[in-house]
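Derivation of every value follows stated rules applied to the coordinates shown; laboratory data play no part. Just so we're clear, the structure is a prediction, and the values are computed from it rather than from any experiment. Using ideal geometry, Cβ is built from the backbone for each residue, glycine included, and neighbour counts are taken over all protein chains shown.
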Amino acid sequence: MIGGGPAGLMAAEVLSQAGHAVTIYEAMPTAARKFLLAGKSGLNITHSESYQRFTTRFGAVSDRLRPALDAFTPHDVRAWAAGLGTETFVGSSGRVFPKAMKASPLLRAWLRRLEAKRVTLLSRHRWIGFAEDGYLFETTEGRKIVRCDAALLALGGASWPRLGSDAAWVPWLAARGVGIRDFRPANCGFDVAWSEAFRERFAGEPLKSVVASSEAGAFPGEFVVSRHGIEGSLVYAHAAALRDRLERDGKAALLLDLAPGRTVDRLTRDLARQDGKASFANRLRKGAGLEGVKAALLRELAPEDAKTDPARLAAEIKALPIPLLRPRPIGEAISSAGGIGLDQIDGRYMLKALPGLFVAGEMLDWEAPTGGYLLTACLATGRAAAQGIEAWLAANEAGSDPAT
């Protein structure tokens, strides 16, 4: 296994349980660093929504990922965690968390179990390409060539490069004929051209109890105003649609309903009853129940002539567009889109161009929103790739390689 994140660890577990000798080569000083950071304040391991709905969360490649997910469902994820001594619970949003609300106890138990299965974990072994029919690693003791019966790459995508997912592997695979799509930020924030006054006053302020809309749909929730623009769980739910719209049209906006509990007609009537000589802030507070950052957003973004027209102001309150400039850099994104095209692998998760080399996790070109979908798919594809390795090894021993 080359890469010690969730996909690589899961593959190691499956293969070791089948009696294979497994070594994990990890570039960082410790395994699963992104997994640990993601779970620092509450590890979201999967989601409790209906399985049929769950399997649609992976966009255009949902059908391609379906066999791996069918073999390791959200229910299986919870059972697997329980087997490691980690009890889970369903949060109010439907997301599933460990009761300990941390990743570290689960990871420690997982690594202990792998060690008991005689899985070897070699840290500070960075893969740097191919050499002499083997895999070349940079280690603290110099360069090393490793040869093996089969290998799995589980090196992550291009987000959070300081934790090891730096996509340095792209040119080495591309040179061997593997088709790789450009990486793009996913589950990311966006830049907005705030005025200096708004930025200085409201950067860091949460925007709560709103409904945000885009081509992805309309979802309730909250997000944060940042110095650069907007970020947070509600923004991430729309990130793929907004990013794609920016790439396609050069412009995009997130539409906000700042008063989900009131209709346009009611807001229009309530605003019309306000004293026209009152300040904008007072009219919003008394007529629409809006103040603080919500009122400031209207002051920042609504057209000037709409601020004195109750009907137009009500329409802005119910559908205020936040114009977006660009996604935040991929290094800040929670995950990435792009990577090895799923048409580059067979049903065993083996690269068609490089027999005996398998891939799993975020190296592959799929994306999903936050909510446990990312981790579940990494675990599921790691497991599927391990089973593919078993099939490959068995076929080689039998002197055949049936297509799958």
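Taking every C-alpha pair closer than 8 Å and separated by at least 6 residues, the mean separation divided by the residue count of the chain gives a relative contact order of 23 percent.
Candidate cross-link partners of Lys144 among the aspartates and glutamates, defined by an alpha-carbon separation under 17 Å and a same-chain spacing of 8 or more, comprise Glu26, Glu132, Asp133. Projecting the Cα atoms of Ala311, Ala240, Phe223 onto the charge dipole of the stretch 190-327 (Cβ charges, centred on the Cα centre) puts Ala311 farthest toward the positive pole.
Computed 3J(HN,Hα) for the stretch 63-70, one whole-Hz value per residue from the Karplus formula 6.51 cos²θ - 1.76 cosθ + 1.60 where θ = phi - 60°, is 5, 5, 7, 3, x, 5, 5, 4, glycine and proline marked x.
Considering only Ala158, Ala174, Ala241, the mean-square fluctuation computed in a Gaussian network model of the chain, springs between alpha carbons under 10 angstrom, is largest for Ala174. Among the trypsin sites (Lys or Arg not before Pro) within the stretch 152-241, those in coil by DSSP and having at most 14 neighbouring Cβ atoms inside 10 Å are Arg176, Arg227. Report, in listed order, any pair from Lys34/Lys294; Lys34/Lys352; Lys40/Lys117; Lys34/Lys251; Lys277/Lys307; Lys34/Lys208 with a Cα-Cα distance greater than 23 Å. Result: Lys34/Lys294; Lys34/Lys352; Lys40/Lys117; Lys34/Lys251; Lys34/Lys208 exceed 23 Å. In loop segments of the stretch 326-404 as defined by DSSP, the trypsin sites (Lys or Arg not before Pro) with at most 16 further C-beta atoms inside 10 Å of their C-beta are Lys352. Relative contact order for the stretch 190-327: 30 percent, from Cα pairs under 8 Å spaced at least 6 residues apart, divided by residue count. Average 1/r across all pairs of distinct alpha carbons in the stretch 153-205, invert it, and you get the Kirkwood radius: 14.2 Å.
So what's the gap between the Cα centers of the stretch 122-174 and the stretch 1-77, to the nearest angstrom? Distance between centres, Cα-based: 19 Å. Dipole size of the stretch 190-327 about its Cα centre, with +1 on Lys/Arg Cβ and -1 on Asp/Glu Cβ: approximately 400 debye, rounded to the nearest 20. Placing unit charges on each Cβ (+1 for Lys and Arg, -1 for Asp and Glu) gives the chain a dipole about its Cα centre, and among Leu153, Trp392, Gly287 the Cα reaching farthest toward its positive end belongs to Gly287. Based on the reciprocal of the average 1/r between different C-alpha atoms, the Kirkwood radius for the stretch 255-308 equals 11.4 Å. Compute the acute angle (0 to 90°) between the alpha-carbon long axis of helix 104-116 and the principal axis of greatest extent of the alpha-carbon atoms of the chain; round to the nearest 10°. Tilt of helix 104-116: around 10 degrees. Looking only at Phe280, Phe358, Phe190, which one moves most when the chain is put into a Gaussian network model with springs between Cα atoms under 10 Å? Largest GNM mean-square fluctuation: Phe280. The percentage of C-alpha pairs in the stretch 190-327 whose separation is greater than 19 Å is 48%. Under 10 Å, Cα contacts only: if you run a Gaussian network model on the chain, which one of Glu196, Glu205, Glu222 comes out with the highest mean-square fluctuation? In this elastic network of the chain, the residue with the biggest mean-square fluctuation among Glu196, Glu205, Glu222 is Glu196. Looking at the stretch 77-175, the GluC sites (Glu not before Pro) that sit in a DSSP loop and have at most 15 other Cβ atoms within 10 Å of their own Cβ are Glu87, Glu132, Glu141.
For the chain, find the longest principal axis of its Cα atoms and tell me its angle to the long axis of helix 74-83, 0 to 90°, nearest 10. Helix 74-83 and the main axis of the chain meet at about 60 degrees. Rounded to the nearest 20, the Cβ-based charge dipole of the chain about its Cα centre (Lys and Arg +1, Asp and Glu -1) stands at 1160 debye. Helix content alone sets the calculated 222 nm mean residue ellipticity of the chain: runs of n ≥ 4 DSSP H residues at -39500 (n - 2.57) each, divided across all residues, give -11000 deg cm²/dmol.
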